[in-house]
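The values are calculated or read from the model by the stated rules, or taken from the named source; none is laboratory data. The structure presented is a predicted model; accordingly, all values stated were derived computationally and were not measured. Every residue, glycine as well, gets a Cβ built from its backbone with ideal geometry; the counts of neighbours run over all protein chains shown. Surface accessibility is based on the protein's heavy atoms, side chains included, excluding ligands, DNA and RNA. Shrake-Rupley method; radii C 1.70, N 1.55, O 1.52, S 1.80 Å.
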Amino acid sequence: MKTFYIETFGCQMNVHDSEKVIGTLISEGYTQVETLEQADLILYNTCSIRDKAEQKVFHRLQQFKKEHGKGKMFGVLGCVAQQEGERIFERAPHVSLVAGSASYTKLPQMLVQLEAGNRRVTGLDLDTEEAFETAFTRRDNPHRAYITIIEGCDKSCAYCVVPFTRGPERSRTSASVLKEARELAAMGYKEIQLLGQNVNSYRDPSPAGWDFARLLREMGQVDGIRRVRFTTSHPRDFVKDIVDAIDENPVLCNHVHLPVQSGSDRMLERMQRLYTREEYLRRIGWMKSARRGISITTDIIVGFPGETEADFERTLELIDAVEYDSMFSFKYSRRPNTAALALEDQIPEEEKTRRLTILQERQRAIQIRRNSELVGTAEEAFVEGYNQATGQWIGRTTQNRTLNFLHPEHARPQNGQTLIGKFTSVRITRAGPNSLAGEALTCV
Ligand code: SAM
Ligand code: SF4
């Protein structure tokens with residue numbers, strides 16, 4: 001029996017890629033095991049968006065090097081594989097497989113080569129028009145499923161490795177996306193999350209030629225699917241029709257993740273983001289005037305080369321104006337191949353840390369304020385788990401807020417009865433910066 005162990009780093013796209021890789025390996029006769037010690041083949045699905053993420057992988061490879069002596073094989077998949085290519089064999093000679101995400105369709109052939117004793121198997125071709133579609137996807141969560149609708153990226157933000165690691169943009173046909181959604185609904189899934197580096201740049205390659213808003217509307221009609229989410233949206237391709245679609249159909253979750261990166265036009269231009277502050281704010285305006293309260297979240301980079309105190313102030317002013325419901329914030333990290341490497345005026349690490357702390361404190365106050373406005377209201381929670389320590393169920397609202405709650409009739413999972421995978425109406429009683437707490441009203 002051939003066994004494998006896989007560890008995944010990075011974003012939801014990587015998590016879902018791993019689900020497809022796992023499904024493919026199982027269909028090739030492999031069995032997944034829970035620990036590295038039990039495995040014949042050890043895979044790392046990697047992320048290289050920031051230097052720290054990349055270092056983690058090399059650390060892991062070093063940490064378990066001695067396992068190689070026991071006849072185990074190592075493979076590096078994903079963004080670090082694509083970025084570093086065959087250099088990985090030099091840096092970590094115990095690795096025998098290096099494959100980027102654009103080559104996953106060739107995984108079965110690569111496995112055959114590995115099994116034949118080839119010690120340097122690669123899949124590094126980026127020149128592909130295919131998305132990774134496979135009938136074999138191993139999903140662990142039985143209620144919420146990812147569907148990748150578009151892969152790669154055709155933008156060229158000055159700081160970002162993604163166009164180099166994930167290749168050019170390629171969308172799946174609307175027919176294949178809808179078929180997968182219907183199959184998931186038939187299997188009992190209730191929530192679908194559409195994925196793409198720029199999910200809203202979706203363009204159906206079939207003659208139907210649907211844009212993203214059209215695909216969203218159709219997804220909202222799939223019988224049995226109660227929630228549809230999507231991430232990440234690029235501001236440049238964010239059109240008002242997406243907001244209209246959300247307004248029309250409550251199945252489409254009223255949450256939009258719209259990374260701004262900076263509030264300063266000077267920085268946006270240097271970052272090659274393809275929009276201005278004003279254009280970005282216009283899109284925020286569409287969402288703020290929607291009938292359904294749309295929750296808005298973002299990504300911000302501090303300390304991009306040349307960012308002055310005044311530029312940083314513009315970012316603080318922007319977050320005050322938008323009042324985001326949540327934010328991912330990062331210190332700029334120099335990445336190989338990117339245009340920003342050539343920019344002067346690098347910001348010292350301590351200054352980046354200082355700005356990040358100020359930004360995060362400011363955002364924390366906004367979240368406390370925004371969340372506390374919800375106390376006293378009722379929200380529908382999709383139940384995802386149960387916390388033994390606190391005796392609370394863990395749910396998520398359509399706006400993507402975590403909502404921990406007590407249920408008077410179901411204090412805990414027992415006798416095979418659980419609320420996980422169900423929808424429950426919850427009265428909100430308390431609010432913190434990162435979550436809400438409440439008490440269940442009814443079970444639907
Ligand atoms: N495609 C999405 C967009 O354009 O908004 C973002 C995808 S990227 C994988 C996720 C986030 O990582 C970005 O929004 C950005 O904030 C952050 N990021 C990307 N490159 C970075 C870098 N070199 N340093 C710090 N943060 C970075
Ligand atoms: Fe990276 Fe920019 Fe593409 Fe987003 S749009 S993945 S930040 S290059």
Task: Only one of 194, 268 that is within 16 Å of ligand 1 (Cβ to nearest atom), over 25 Å from residue 171 (Cα atoms) and aliphatic (A, V, I, L, M) - done: 268
TODO: Filter region 322-342 down to residues that are more than 12 Å from ligand 1 (Cβ to nearest atom) and open to solvent by less than 70 Å² (accessible area, probe 1.4 Å), then give me how many there are.
DONE: 5
Task: Qualifying position, being in a helix (DSSP H, G or I) and either open to solvent by less than 10 Å² (accessible area, probe 1.4 Å) or touching a Leu at 6+ places or on another chain (Cβ under 9 Å) (or both), among 246, 300 - done: 246
Task: Total residues in region 1-47, condition open to solvent by 40 Å² or more (accessible area, probe 1.4 Å), in a loop (DSSP other than H, G, I, E, B) and more than 18 Å from residue 104 (Cα to Cα) - done: 4
- [ ] Provide a single number: the residues in region 48-75 that are within 16 Å of ligand 1 (Cβ to nearest atom), surrounded by fewer than 24 Cβ atoms within 10 Å (Cβ to Cβ) and touching a residue at least 24 places away in the same chain (Cβ under 8 Å).
- [x] 7
TODO: Examine region 215-235 for a residue that is within 15 Å of ligand 1 (Cβ to nearest atom), free of Cβ contacts under 8 Å to residues at least 60 places away in the same chain and in a helix (DSSP H, G or I), and state whether such a residue exists.
DONE: yes
- [ ] Give 189, 146, 202 a once-over and let me know the one that is within 16 Å of ligand 1 (Cβ to nearest atom), open to solvent by 10 Å² or more (accessible area, probe 1.4 Å) and not β-branched (Val, Ile, Thr).
- [x] 146
Open item on the list: For residue 78, only one of the following conditions fails: (1) within 16 Å of ligand 1 (Cβ to nearest atom); (2) open to solvent by 10 Å² or more (accessible area, probe 1.4 Å). What is its number?
Closed with: (2)
Open item on the list: Every residue in region 419-439 that is open to solvent by less than 10 Å² (accessible area, probe 1.4 Å), under 24 Å from the mean Cα position of the chain (by Cα) and closer than 19 Å to residue 373 by Cβ, please.
Closed with: 436
